[in-house]
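Asks: The structure follows.
The values are calculated or read from the model by the stated rules, or taken from the named source; none is laboratory data. Model, not experiment: these values are computed from the prediction. Here the Cβ positions follow ideal geometry from the backbone for every residue, glycine too, while neighbour counts run over all protein chains shown. Quick note on the areas: whole protein, heavy atoms, side chains included, nothing else; ligands and nucleic acids left out. Shrake-Rupley method; radii C 1.70, N 1.55, O 1.52, S 1.80 Å.
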Amino acid sequence: MSSTPDEFYRIQKLPPYVFAVINEMKAKARAAQLDVVDLGMGNPDGATPEPVIKKLVEAARNPRNHRYSMSRGIPHLRLEIAKHYRAN
């Protein structure tokens, strides 16, 4: 069963991926010899500090962390979401 582009017409309605747009803007600015200070999402420029790794290992070894959270969420947010769905 092969798919045709017509079957995915809704994808064309999606807005552009925001980080792709930002990357394009940065590339254009750099190509224009402008100084770009990127404070956005990025890759680390160094190794993860050892205390962070130790804490991650400790948390991964704790069986209490091997299940779903019992949190019922943020009460005010849940109320507003419920109001939104009731109204629509």
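Asks: Does L79 meet the test of being assigned to a helix (DSSP H, G or I) and either among the aromatic types (F, W, Y) or under 30 Å from I22 (Cβ atoms) (or both)?
Replies: Considered against the rule, which asks whether it is assigned to a helix (DSSP H, G or I) and either among the aromatic types (F, W, Y) or under 30 Å from I22 (Cβ atoms) (or both), L79 comes out as no.
Asks: Then there's this: Among the residues of the stretch 50-80, which ones are open to solvent by 80 Å² or more (accessible area, probe 1.4 Å) and hydrophobic (A, V, I, L, M, F, W, C)? Quick ask: steps written out before the conclusion?
Replies: Taking the stretch 50-80 first, the residues open to solvent by 80 Å² or more (accessible area, probe 1.4 Å) are 50-51, 54-56, 58, 61, 63-72, 74-79.
Scanning the stretch 50-80 gives L56, M70, I74, L77, L79.
Asks: Search the stretch 62-88 for residues that are free of Cβ contacts under 8 Å to residues at least 60 places away in the same chain and pair each with any residue that is aliphatic (A, V, I, L, M) when their beta-carbon atoms are under 7 Å apart and the residues are at least 6 apart or on different chains.
Replies: Going by the 7 Å Cβ cut-off, the qualifying pairs are N65/A59.
Asks: Continuing with the same structure: May I ask you to list the residues in the stretch 4-26 that are surrounded by 10 or more Cβ atoms within 10 Å (Cβ to Cβ) and aromatic (F, W, Y)? Spell out how you get there, then give the answer.
Replies: Restricting attention to the stretch 4-26, the residues satisfying the condition of being surrounded by 10 or more Cβ atoms within 10 Å (Cβ to Cβ) are 19, 21-26.
Scanning the stretch 4-26 gives a single hit, F19.
Asks: For the stretch 27-44, name all the residues that are under 22 Å from the mean Cα position of the chain (by Cα) and either basic (K, R) or open to solvent by less than 100 Å² (accessible area, probe 1.4 Å) (or both).
Replies: Within the stretch 27-44, A27, D38, G40, G42 qualify.
Asks: Quick test of your reading of the structure: A47 fulfils all but one of (1) within 30 Å of K26 (Cβ to Cβ); (2) surrounded by 10 or more Cβ atoms within 10 Å (Cβ to Cβ). Name the failing condition by number.
Replies: For A47, the exception is condition (2).
Asks: Is there a residue being hydroxyl-bearing (S, T, Y) and either in contact with a Ser or Thr (Cβ under 6 Å, 6 or more places away or on another chain) or modelled with pLDDT under 90 (or both) anywhere in the stretch 53-68?
Replies: Yes, because at least one residue in the stretch 53-68 is hydroxyl-bearing (S, T, Y) and either in contact with a Ser or Thr (Cβ under 6 Å, 6 or more places away or on another chain) or modelled with pLDDT under 90 (or both).
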